[in-house]
Structures are given as C-alpha cells and as structure tokens.
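Colleague: Take a look at this one; I'll ask things after.
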Amino acid sequence: MLKMNHLSKVYRTHLIETHALRDFSIHVREGEFVAVTGPSGSGKTTFLNIAGLLEEFSGGEFWIDGVDVRGMNDDQRSRLRNEKIGFIFQGFNLIPDLNLFDNVDVPLRYRGFNAAERKRRIEETLSRVGLASRMKHYPAELSGGQQQRVAIARALAGSPRLLLADEPTGNLDSLMARGVMELLEEINRQGTTIIMVTHDPELAARAQRNVHVIDGQVTDFESEPQLRVPAQGSGAAVTA
Amino acid sequence: MEIRPILSALMRSKVALVLIGLQIALTLAIVCNALFIISQRLQLMGRESGINEVDTFTIGSLGFGTGFNVKTSIEEDLAMLRGLPGVAAATSTNTVPLSNGGWSTGISLKPQQRTSSASSAIYFVDEHGLDTFGSKLAEGRFFTADEITFRERGDNTWPSIVVITRALANRLFPGESALGKQIYLDNEGAPQTIIGIVERTQVPWLGFASDEGPDAEYQSTFVPQRISFSNFGRYLVRTEPGRRDEVMKAAEAKMAQINTSRIVREPRTVEAIRAETYQEHRAMTIILIGVIVALLAVTALGIVGMASFWVTQRTKQIGTRRALGATRGSILRYFLTENMLITSLGLVLGTVLTYGLNYWLMANYEAQRLPLVYLACGVVVLLLLGQAAVFGPATRASRVPPAVATRSV
Amino acid sequence: MFYYYLQLGLHSLKRNPLLTALMVFGIALGIGTSMTSLTVFYLMGSDPIPWKSDKLHAVQLDNWSADQPYRAPNEPPDQLTYLDANALMQAGKADLQAAMFKTVWPLQPENPDVKPFSSLGRATYKDFFAMFEPPFKYGQAWDAAQDKEHARVTVLSSGLNEKLFGGTDSTGKKVRLNEIDYTIVGVLDKWQPRVKYYDLTIGAFNDAEEYYVPFTTAIELQAQASGNNSCFESAKPGWEGYLASDCVWIQFWVQLDSPAREEEYMSFLNNYVNEQKKLGRFARPLNNRLPDVNEWIEAQGVVSRDAQIQVGLSFAFLIVCLVNTIGLLLAKFMRKSSEIGLRRALGATRGQLFMQHLVEAGVIGVSGGLIGLVLTVLGLTAVRSLYKDLNNVAHLDWFMVLTAIALSVAAAVLAGLFPTWKACQITPATQLKTQ
C-alpha cells in the first residue's frame, strides 16, 4: 500500500542542514493499522507529511498503492492525495465558515463527483460517524470529539485506500479519545489501511504494528502483525 | 465552480461582506455618474462654433476722451490690418463666438408683437464679416461694402437687411425658406429683410436661451454696421494658415503706431477665448477624471488589503483544502470566485445607488437620466478591477503548502 | 497610560507598514479631496462681510415688461433703471445708500514712462465706502457736497496708487482718466472682497476696482457702463433718452440698521412703485425685493453647480475611503486577535483594550489628516490653475485647516470605533486555544 525505500528529507537554510529523515524505509501492507511513535522532533510529522504528499522528499523511493510518487508535479500529487488518501489532523482542521455538510463536501468537490453522488457520500459518512442529524451545524457548535468525527467523515467520504491520522486524539479527553479510536478501528476492519502518528504508547498498543522513529530513522520495525485486542462495542455508533 | 459553499462561507463574515460591498457600490455610483458628466462635458466642448478658430485673433482699442474720432480710427485700423502681410481677412465686430460678452435681442415676426419669436445674438460686422469669421454661406448673399453704416451714440434704428444663421431661420420659419422674409429686431421699428443664411455661427454665450432648445446657441444675426457709439473698437482678423502668432504681434505694434491717442488692447486668439469660455467644463472634466482614478485606486487597494488579510487568516484552511486534494488552480479559483461574488453583490446595491445619485443630480442640477451603457461599463470595470486586485493575494493563497495543515498553528 | 497606548499603536503600525500606508493613504486622499472641494465651496458661498451682512440690502424693483418676467418664474431685474436709481438717491430714505456701475476708462499717467492703460473703475456715491467698509490708507471718501456738484474727485485702490505714485500719500494730487483730471481725495488699503457681492453682473470673483468716482460726475460725462445692460423695449434716441428709458444697468445698495427700518424702507419702495404706476410705468404686479448680502449671493447663484456637485461627490469619495479604512483596520485588529486574547488573559480590561486600539486608529487619522492637508494645498493649487477666476477663493484659511484636522480625526476615530469594538469582543479563553 505504502512503500518507502531509503527515503531522506533535508531542510536547508543558508546556515545549517537538518536531516529530518535519513535512510527511512517502511512498508505498510494493505489493510494494516500502523502506529508511528517517537519523541517530539524525531521526524514523525515529516514522515506523515511526505506520506500524505504534503511535502516533497529529498531522496529515496516512494510508492503509494503501486504508484511511483517521484517526479510528480504539484497538481498530480494533489489529485493522488484527493483520490487515495484521507487525512485526520490533531487540530481537526474543519473550516469554521462551513457547516458539517459543506466541510465533508470539500474533498468531494475537488474530486469532481456530481451533486447526487456527493450528497449520498456525505450523508453516508456522516451517519457512519453518528452525526447525520447535525449536518447543518457549524464546527464551533460541536464538542472536540464530534469535530474529530466530522474530520474522520471528511477523510472517509472519498473512499480513500489509506487514512493518515496525526495524533487524532491529541486534543481530546480520554473518553472522547476512546470513541474516536474505536471508530478508527472499525474503519480499519472494513478494509481501509491506517497509519497513525502518536506519542501515546497506550494508543500505539492498540495498533497492529508499531513503528518507532528516532532521529529520522526507523529503529524498531515489528515485521510480524501482533494479535490485535478486539475493540469493545464494535460498530460505528459510538458515543463520544 | 462551487458557488454555494463560497457564498455560505461569506455569509458567516457579514461585516467584511458589507464593507467591501458598500465600497464597491459607492464606487460604482460615483464612477458611472462621473463618467456620464464627463462625456456630456466632452460633447459640449466638442461642438463646433462654425467659425475658423485656428487662424483668427481679436484686437481692439480704447480711445481717449470725447475728442476721439472713432469712425476714422476704425477705417484706418481696418485698412492697416488688411494691408498687413499674412492677413487673409479682417472685419470690425462687436464680439466673437464664445467670448462670453455681446449683444442679444428678441426677434419678432410682426410689428408690435408682444413676446418675441426667437432670441438671437447680434454680430455687427462689415462686408468682410463672413470671410473673416470663416462661416459658410448656405443661401443668398452676404453684405456689400456700400451697405455698411455706422451705429452712432443713441441710434436705435436698425438697417433694412440682415443675414441670419440656419438655426435661427429654422426657428423663425420652420419648414420654409427664410430667404427674403422679413423680421423685426425692434418690434416698434421697421422690418429687416433676410438676404442671406449662414450655415453655422455660435453665439458668444454658453447655454444661451436654453428654453428655446439646444440649437438656440447657434441663433445668430449679422447686422451690416460698425459701432461708433463708444471709444471702443474691436476687430477680428483671419490670417493665412500658420501665420497667426506672427501677424498678431505685427498688428499690435502697428496699431499702437498709427494712432497714439488711445490704448491698444492686447490681441487674443479665438482659441484662447474658446479655452477660457470652456474653462469650467474642462476643469470639471479633469477633476472628475482625477476622482475616478483615485476612487478606483482606493477601492482596488482596499480589495488587495482585505484579500491579503483573508488569505493570512485562512492559511490553515487553505492548507487543509490542499491536504484534501485541492490543486493550486482550485485555490486560485476559489478566491477569484469569492471576489466575483462579493463584487457582484456590491454591484447590485451599486446599481440602486447609481440611479439614486443620478436622480439627485436630475432633481437639483438639471442632469439627464443616466443611459444604461454607463452602468454596464461601470459594472464591467469594477468586476475586472476586483479580479485584478484579488489576483495577487489569491496567487499567494495558492502557494500555501499543504503541509501547513499538520502544523499546530 | 496614553503614552503606552501610543507606543503600542506605533509599534503595531510599524509591524505592518504596507497595511498602515494603505490606511493612511486612503484617509489622506479622502480628506484631501473633500477639503479641496469644501474650501472652494465654503469660500465661494461664505459671508463676505459677516459683521453687517444682514444690514446691507440690494434693491430690486420690478419695472419689467407686462408680457414676460425678467427671469422665469417671476424674478425682478437684478439692476435698476437710471430713473429709479436717481429717484431713490434723491429720496435718501435708507440709513446709507449708493447707486453704482462699472466703468472701463483709459488712464493716462503723468509719468511719460508709464504707458496709458485701460483701468477698471466704479462710479458710485460716497456712502459706498461707509457701507462696504474698504479700509482707507490715506485720506477719506468724498463728501455729499461733492456728490451733488459732480466733483472731479476720485479714490484710488492701493494697487493703482502703488503703480502711479509708488505707494506714497497721493491725496491732493491728480490723476487723468479719459482726458479728465480728477483730484485724489483718498487711497484705499489692500481690499479684495472674496466675492464681489455688490456687483455680481460681471464675474463674482473678479478683482476689485482700481478707482472710484462720483456717480453724478460719470453721468454728466455720459460714461457708458461696462456692465450688463438689459432693455425690454428700445430707448428713445440720445443719452437723455437712454437715461429716461426702462433699461436696467445700475446696481443699488442700501444699509438699513434694523428690521424696523427694513420694513419702513420696503413700504417706501412700494409707495414709490405705486406712484410710478400712475405715470404708466411698472406694468407688472408689485414685486420689490430687499435681499441681504447672503440672500443675494444665494439668489444670484454665486456658488456654481459644479462646485456643489464636486462637494457631493468628494464626500461620497470620503465615505468610500472611510469604509475602506474600516475594513482594513478590522482586518488588522482581527489578525491580532490572539494577542488581544492574551492581553485579556493577562488582566487587561475591555476598556483598556478599547482605548489602546482607539489610540492606534487615532494615530492613523492624524497622520492621514496631515497628509490630507498637504494634498488639500496641492488640490487648491490645481483648482487655481484650472479655474483662473477662483484665484481669490481657492485658499486655505485657519478655519479650514482646523476643519480639515477635525474632520480627519473624526473620520479615523469613526472608522476605528467598529473594528475596535469588534476586537474587544474577543474572549480571553477562545483565543489561547489553537485555531
């Protein structure tokens, strides 16, 4: 699903070079739920930005779903991102001026679906995260957990193959965090590959596989899938 | 393009919408009306006087005391002027078109008529009058030398022949030839026979007898007389093409030489006289152009400022959109569309304000109704201005890297 | 605290020089435009003699034709006939009164080095000087006896006295006008009424006259008036016929020191006209008027329509500039919302923040106003070059300078109020969180 070989990322200013990633290799298979952990400054976010095609990389190889990403221009990467990748941010990143319906609509618009198709997908994903009844509400009227679930709905609406989550529960209290986590596990069970960056060992433990990043390098590579702890109360309608 | 979500997002920041919309509305109203006024003034200033303005100048003198012999002085001056090298024609005259001073009278068709049939400017000229003015004779003939008389102090009678302009002929005798007809410059005196009709000669005053229609400014009458009731003498001189300025100097020097018991008044070109008469219209045009330019500049800069602010404020949002798959082009289009919507809303309000302002001008300043084409021009200009102004900030927005989305503020 | 706010404001303005420049430029342009047009408008129409403008009255008698009014709808002529002017002077019923008209005469200096030139003058009565109060530098006006005996006397303007006598006391000397010698009895100091309200028939903003002579003298010499002359029927032949005609060509002013005197004078005029009706003159219904200076300026349309339109448009322009500034200030203050939230969290009250931002808006207003004042001066220079006859009018006086500053500060504070209020609505808690 996602394969990086000897990837490197260097930030240059006129004074210093910072190696955010060096000789970074990772292989995520279809259907996996991978947690990327590591201390702050270790390169987690850089990895996620590159994985999500938000940033370019300096060297190495990178495939997403069998597509070679090297040499793609900005528009090609935008399209690939739009079709194959869903994002979940720590800060939710909902657009405050738009209601829930329009927020979920944003990536679908860029995808070019027709109105009926978009409506169907929005309603479906919003009901999947249990917020179908609040479509006309604005983000500011929701709790943090609800906002993150809207963000998840937005990420899912385009039926991406890969979901990238950046500290998805970082801004939530533990109860809300658990609800969001269970939702992600549910999504994964239904076949979407998930890569989640977190510094919370408890969350990481719930993933199938843990990747530990220190100083821009993968240090701990558990190649065998762990036995996953079954989620409690499976199903989508989890109260946050 | 995605108009509805842009619109609903806009509705969430009503203040900004109202401010920019109001600014655009007022700009439209002022620009349209100012353009209209400008075009009317240009039209006014562009009208032809019907005389040769390029090669002509006036010169005059003021004699000293009661002993001054005006009649001989005029005859000497004219003989001298006509003999000057470079002079094509010269006439004595009381005034010239557009000089803003002169003699006007009401013309009657019957003796003892109570109200006059038309107003007319009077030009007292000699047999060279038509040639010097450079106006075209349409019908009949002009005066001959033996028909020219002096108008003395206290003389209230009029000669028996006149030449009038076509505009005056049309007003006095609509639908028939005025040639040979009789009119009364004094409704208690003897009639005058029209012996000639001149194509076009403007009166000295702008807005003359405006209640008689726009053509009233061309209602002029030529009278075959030289004025000798005061010590003033005034002449119009037409030179050979290109020799006006040189002849003007020579004429002034020569006039001072041949008679010293008088003051020679500084010669003035008809072009300068025309410029002075149209001065206020020219000034108004320049001022309004200045206002339009300044206004468009302020509005454009305002849009740049607000759009820049919005881009900065929405950096995170733009990054998120980019992370969700928006291309640079679609971000650019988003801002252009947003601006188009705001401008359009402003223009709707602006249309109302434009006609409101037009109505105020009509009610208080005798303005005319604004033709739709000015509104259309204003709308197009402001739409383009808005798009041009927002293009810079929108380009900046499209360059926001998608990685902004994962940064915590 | 004000100093602290001022420091904060300046710092904040420096942090974003382009936006600041935009705002200052916007206000300056708006102020410059509106002050330029307002100055011209105000000086055109303002009271030229405020201390007694309500006591000075133009006299209008409706001697026009039975068939049509002098001017639609029913305006009496703005000048008098010689017959009536002379009768009113003889009656002398006002506190002060003067008939007058404009003359253009050749002036022949004694000094052979100075070439003869045509000079603009006014034929009037001695009361002219008491009514319109031109300041005298040397000597005084002629007296009633000299009016009566058609004396060859004159009062010179300071400009003409400068030209002929180098500015020295020339009283008692002679000046030769149109072949006649006049004895100088007085010399005026510099005097240029902004609006030449006592004779609006030829240009409201022309220069003042260079010399004044008795009306009676000019009439005796059969001096042609150089102003407007209107007749509704032909005069009888000759000078005497002209004087006896119903042609109007004389301006007539009276000074009436109280409203009661004004009433008295009006009834005197009405009686006079009614007497004249018996003699077959004054065919129209009674329509005499006594407008004071300001009513006269208003009725004669001294303030041009263009000037009025310009004031209207320039104030609309100022509003656009203000709306523009409101938008930009709002943008600026909202961009600082996290800082405002932080300040609130650190204990600043709403009032304190309000003052802080109002001071910032005020700084923009004052600088915009000062630049606007410079633009006004430039604008007035442009107006003077565009309208040559507005040379006497298009100048800033202290009143207009103060108005400009007050207008710009008021404008900026007004523009600053809403954004400031909006900024102060930010609650401390929400802004500390990330977006």
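Colleague: Among the complete DSSP H segments of chain B, which ones combine at least 30 Å of alpha-carbon extent along their axis with a mean Kyte-Doolittle hydropathy of 1.6 or more?
Modeller: Once both thresholds are applied, what remains is B:14-46, B:372-398.
Colleague: OK, next. So, in Å, what gap is there between the alpha-carbon centers of the stretch C:239-266 and the stretch A:143-206?
Modeller: Their Cα centres are 98 Å away from one another.
Colleague: May I ask you to compute the full-extension gain from residue C:398 to residue C:181, defined as 0.36 nm times their residue separation minus their alpha-carbon distance, rounded to one decimal in nm? Before the final figure, lay out each step's value.
Modeller: Details: separation 217, 0.36 × 217 = 78.12 nm, distance 4.36 nm.
Between residue C:398 and residue C:181, full extension yields an extra 73.8 nm.
Colleague: In the structure shown, do any of C:148/C:277; C:115/C:174; B:249/C:163; C:174/C:196; B:136/B:249 have a Cα-Cα gap over 21 Å, and if so which?
Modeller: Working: C:148/C:277 28 Å; C:115/C:174 17 Å; B:249/C:163 26 Å; C:174/C:196 27 Å; B:136/B:249 28 Å.
The pairs that break the limit, which is 21 Å between Cα atoms, are C:148/C:277; B:249/C:163; C:174/C:196; B:136/B:249.
Colleague: What translational D, rounded to a whole number of µm²/s, comes out for the protein assembly as shown from Stokes-Einstein when the hydrodynamic radius is the Kirkwood one over Cα pairs, at 20 °C and 1.002 mPa s?
Modeller: So the translational diffusion coefficient is about 59 µm²/s.
Colleague: Something else about it: Using a Cα-Cα cut-off of under 19 Å, which lysines could be cross-linked to residue A:136, ignoring same-chain neighbours fewer than 8 residues away?
Modeller: Hits, sequence-local ones excluded: A:119, B:14.
Colleague: In nm, what is the difference between 0.36 nm times the number of residues separating residue C:65 and residue C:140 and their Cα-Cα distance?
Modeller: Details: separation 75, 0.36 × 75 = 27.00 nm, distance 4.15 nm.
Computed gain between residue C:65 and residue C:140 is 22.9 nm.
Colleague: I would also like to ask the following. Would you order B:328, A:29 from fewest to most other beta-carbon atoms within 10 Å of each residue's own beta-carbon? Show your work: numbers first, answer last.
Modeller: Values: B:328 16, A:29 13.
Least to most surrounded, the residues fall as A:29, B:328.
Colleague: Helix A:100-111 versus the longest principal axis of chain A: what angle, 0 to 90°, nearest 10, using Cα atoms?
Modeller: Taking Cα atoms only, the helix is inclined about 50 degrees.
Colleague: Shifting gears a bit: When the gyration tensor of the stretch C:56-291 is built from Cα positions, what are the square roots of 5 times its three eigenvalues, in whole Å, from largest to smallest?
Modeller: Sorted largest first and rounded, they come to 33, 19, 16 Å.
Colleague: Using only Cα positions of the stretch A:48-138, each an equal point scatterer, no hydration layer, compute I(q)/I(0) via Debye at q = 0.19 Å⁻¹ and quote the log10 values to two decimals.
Modeller: Here the Debye-derived log intensity ratios amount to -0.97.
Colleague: Follow-up. Could you list B:115, B:277 so that the one with the fewest beta carbons within 10 Å of its beta carbon is first and the one with the most is last?
Modeller: Taking fewest neighbouring Cβ atoms as first place, the list is B:115, B:277.
Colleague: Between 0 and 90 degrees, rounded to the nearest ten: what's the tilt of helix A:174-189 against the longest Cα principal axis of chain A?
Modeller: That helix lies at roughly 80 degrees to the long axis.
Colleague: Hey, what's the Kirkwood Rh for the stretch B:255-394 if you take every pair of different alpha carbons, in angstrom? Could the numbers behind the result be given before it?
Modeller: Details: mean 1/r = 0.0508 Å⁻¹.
Here the Kirkwood hydrodynamic radius works out to 19.7 Å.
Colleague: Would you mind classifying chain C by shape? Square roots of the alpha carbon gyration tensor eigenvalues, ordered a ≥ b ≥ c; an a/c under 1.5 is rounded, otherwise it is prolate if a/b is larger than b/c and oblate if not.
Modeller: Values: a/c = 3.44, a/b = 2.34, b/c = 1.47.
Prolate, because a/c is 1.5 or more and a/b exceeds b/c.
Colleague: Sticking with this structure for a sec: When you have a sec, figure out the Kirkwood radius of chain A from all distinct Cα pair distances and drop it here in Å to one decimal?
Modeller: 18.3 Å
Colleague: Multiply the residue separation of residue C:95 and residue C:264 by 0.36 nm, subtract the distance between their alpha-carbon atoms, and state the gained length in nm to one decimal.
Modeller: The residue C:95-residue C:264 span can extend by a further 59.7 nm.
Colleague: Kirkwood Rh over alpha-carbon pairs of the stretch A:1-79, then Stokes-Einstein at 37 °C and 0.692 mPa s: what D in µm² s⁻¹, rounded to an integer?
Modeller: Numbers: Rh = 13.3 Å.
The diffusion coefficient I find is 246 µm²/s.
Colleague: Report, in deg cm²/dmol and to the nearest 500, the calculated mean residue ellipticity at 222 nm for the protein assembly as shown, where each DSSP H run with n ≥ 4 adds -39500 (n - 2.57) and the sum is divided by the residue count.
Modeller: Details: 33 runs with 500 residues, N = 1084.
Per the formula, -15000 deg cm²/dmol.
Colleague: Considering only C-alpha atoms, what is the centroid distance from the stretch B:1-40 to the stretch C:273-312, in Å?
Modeller: 45 Å
Colleague: Moving to a separate point now. For the stretch B:65-260, compute Rg over Rh where Rg is the Cα radius of gyration and Rh is the Kirkwood radius from the inverse mean 1/r over Cα pairs.
Modeller: Result for the stretch B:65-260 is an Rg/Rh of 0.98.
Colleague: Could you tell me the center-to-center distance, by alpha carbons, between the stretch B:201-265 and the stretch B:329-382 in angstrom?
Modeller: Cα centroid to Cα centroid, the span is 48 Å.
Colleague: Okay, moving on. Between Rg and the Kirkwood Rh of chain B, both from Cα atoms, what is the Rg to Rh ratio?
Modeller: Ratio of gyration radius to Kirkwood radius for chain B: 1.24.
Colleague: Calculate how steeply helix C:82-91 sits against the longest principal axis of the alpha-carbon atoms of chain C, using the helix alpha-carbon long axis, and give the answer as 0 to 90 degrees to the nearest 10.
Modeller: Tilt of helix C:82-91: around 90 degrees.
Colleague: Something else about it: Within the P(r) computed for the stretch C:88-196, what percentage of the Cα pairs occupies the region above 17 Å? Walk me through the numbers before you get to the answer.
Modeller: Numbers: 3267 of 5886 pairs.
Tail of P(r) above 17 Å: 56 percent of Cα pairs.
Colleague: For chain C, modelled as a Gaussian network with Cα springs under 10 Å, which listed residue fluctuates most, C:113, C:199, C:292?
Modeller: C:113
Colleague: Could you compute the net charge surrounding residue B:55? Neighbours are other residues with a C-beta less than 13 Å from the C-beta of residue B:55; K and R count +1, D and E count -1.
Modeller: Summing Lys and Arg as +1 and Asp and Glu as -1 gives -3.
The numbers here are math on the coordinates, done by the rules we state, and not lab data. Everything quoted here is computed from the prediction, not taken from an experiment. Please note: Cβ atoms are built from the backbone with ideal geometry, for glycine as well, and neighbour counts cover all protein chains shown.
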